[in-house]
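Presented below is the structure to which this report refers.
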Amino acid sequence: MARNDDSINLFGPEMLEDPFPIYKRLRESDPVHWDSARNAWIVTRHRDVMAVMKNRSFSSDRVTSARMRYSEKHKAVFDLLSRIMLQTDDPTHKRLHDLVHSAFTRTAVEEYGDNIRSLCNTLLAPGLQKGEMEFVSEFAAPLPILIISEIVGIPSEEREQIKIWCDAYSTVALNFYVHLSEEQLDYCGAQIAEFSEYLAGKVEAARRAPGSDLISSLVLAADRDHSLDMDELIANCILLLNAGNETTTCLLANGLGLLLKNPDQMAALRADPSLIPDAVEEFLRLEGPIQFLGRVAVEDVSIGDRLIRAGEMVIPVLAAANRDPEIFDRPDTLDVRRGHIHQLGFGTGPHLCAGIQLARFEARIAFEILLERTSAIELTTDALSHTKNFNMRCLEKLPIRLR
């Protein structure tokens, strides 16, 4: 079947606030859509997204082909991206994944439950005292960076800078295979270079005197198995700091935003807090942080009724698949009682997000405490907007009144 190219301007500023009508249009009329602006196939149906994510005919190495679009002066940024496990295939991916899993097993996430509860109460206290707060900057953003920094082993006085570096990294990592400007790469590249130098010092310190933190666990596992060099260690430390940081901020902000727009659903959670884990999955389905991923065909393969040639980029749109009516009843409606769902908010298959366990754990505790400590939460404005990082969908501000 011939390629189809139309007037849809994907992933631009006009889609930032509400991309879902465009996703719906593509899913219904052209579910495997050729986009000449990105030189890529855009895949929007749930079954097709699943097929791409689980098919070994598609490679996760987006760096090799995409880096050719950018100036050679950004070589160091793309060299780092090529070493993170999300951008690799087996056997490299398995080696990196097994090492990180081993480190996480040694540094058990569940052990931080009391710390998460304590931090939630501490961050919420000023808002309860004043009767209002800006939820994103005062709760949703600081909570994940404080927790992942503690797990990784970052001193409290350095966490504000870590947040700046993580923001720069995610801008590049989530958008480079779609589009980045030279100005963005100049700024972000400088920030990532500083980040890498900082973490190199942390790795060396952990080698000299290992502790119970995640960096020490990674260093011990890598040295035991002789499985990671310094560059791979640094790249995957950056990945872990991001995996446990920004996506959780977005999950918290978007989740509360959905509840505020659907007071009947908030009332259901107050009446039955055991629904909160299912509600977190529903937040990820309806307003997940990651809009899309990227894959590269390693051989000719058919998806739907389209033939994708070896070497071509494919962009599975998770946010479109998560509202596919073939899979989800009333797909645009928040339903905290939806129960078991195969939402793709953090991906699926071998490259499932490394931070999903921690993100779910933090979100469950955060929403339990939010609803436990308040009798009412109300929006104080109707003018809500999202951050400019298209592929990290997150409310920019969420001013609320608390009782």
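Residues whose amide H lies under 5 Å from that of residue 176, counting only those 5 or more places away or on a different chain, are absent; hydrogens are built 1.01 Å from N in the peptide plane. Note on residue 262 and residue 397: the model spin-label points, each 7 Å out from Cα along the C-beta direction, lie 2.6 nm apart.
Partner aspartates and glutamates whose Cα lies under 20 Å from the Cα of residue 73, excluding those fewer than 8 positions away in the same chain, are identified as 182, 183, 186, 194, 197, 231. Taking the chain as a Gaussian network, Cα atoms linked when under 10 Å apart, which of 211, 347, 288 shows the biggest mean-square fluctuation? Per the Cα network of the chain with a 10 Å cutoff, 211 tops the list.
Grab the Cα-Cα distance for residue 212 and residue 299, subtract it from 0.36 nm times how many residues apart they are, and report the gain in nm with one decimal.
Numbers: separation 87, 0.36 × 87 = 31.32 nm, distance 4.40 nm.
Residue separation times 0.36 nm, minus the Cα-Cα distance, leaves 26.9 nm.
Each label point was placed 7 Å from the Cα along the Cα-to-Cβ direction; for residue 194 and residue 14 their separation is 3.7 nm.
Distant-in-sequence amide contacts of residue 314, defined by a placed amide H-H separation under 5 Å and a gap of 5 or more residues or a different chain, comprise 41, 295, 296, 297. Given R0 = 30 Å, the distance between the Cβ atoms of residue 132 and residue 205 translates into a calculated FRET efficiency of 0.10. May I ask for the net charge around residue 310, where only other residues with Cβ less than 10 Å from the Cβ of residue 310 are counted and Lys, Arg are +1 while Asp, Glu are -1? The answer is -2. Size descriptor for segment 299-352, Kirkwood hydrodynamic radius: 13.5 Å (Cα pairs only, one decimal).
Exposed loop positions in the chain were taken to be GluC sites (Glu not before Pro) whose DSSP state is not H, G, I, E or B and which have at most 13 other beta-carbon atoms within 10 angstrom. Between these positions, the longest stretch is 18-298. Placing dummy labels 7 Å off each Cα toward the beta-carbon, the span from residue 156 to residue 385 is 3.4 nm.
Estimated translational diffusion coefficient (Stokes-Einstein, Kirkwood radius over Cα pairs, 20 °C, 1.002 mPa s) of segment 288-388: 125 µm² per second. Using C-alpha pairs below 8 Å separated by at least 6 residues, the relative contact order for segment 214-331 is 18 percent.
Using only Cα atoms, figure out Rg for the chain and give it as a multiple of 2.2 N^0.38 Å.
Rg over 2.2 N^0.38 Å, computed on Cα atoms: 0.97.
Separation of the alpha carbons by more than 27 angstrom is noted, of 261/388; 54/388; 54/202; 202/388; 94/397, for 54/388; 54/202; 202/388; 94/397.
Our summary gives the chain a relative contact order of 26 percent, counting only alpha carbon pairs under 8 angstrom and 6 or more residues apart.
For trypsin sites (Lys or Arg not before Pro), the sites in segment 36-87 that DSSP calls loop and that have at most 13 other Cβ atoms within 10 Å are 56.
Fully extending the segment from residue 54 to residue 29, taken as 0.36 nm per residue of separation minus the present Cα-Cα distance, adds 6.6 nm. Quick check: net charge around residue 129, other residues with Cβ under 14 Å of its Cβ, Lys/Arg +1 and Asp/Glu -1? So the environment of residue 129 carries a net charge of +2.
Here, each number is a calculation from the coordinates, and none is a lab measurement. Just so we're clear, the structure is a prediction, and the values are computed from it rather than from any experiment. Glycine also receives a Cβ, built like all others from the backbone with ideal geometry; neighbour counts cover every protein chain displayed.
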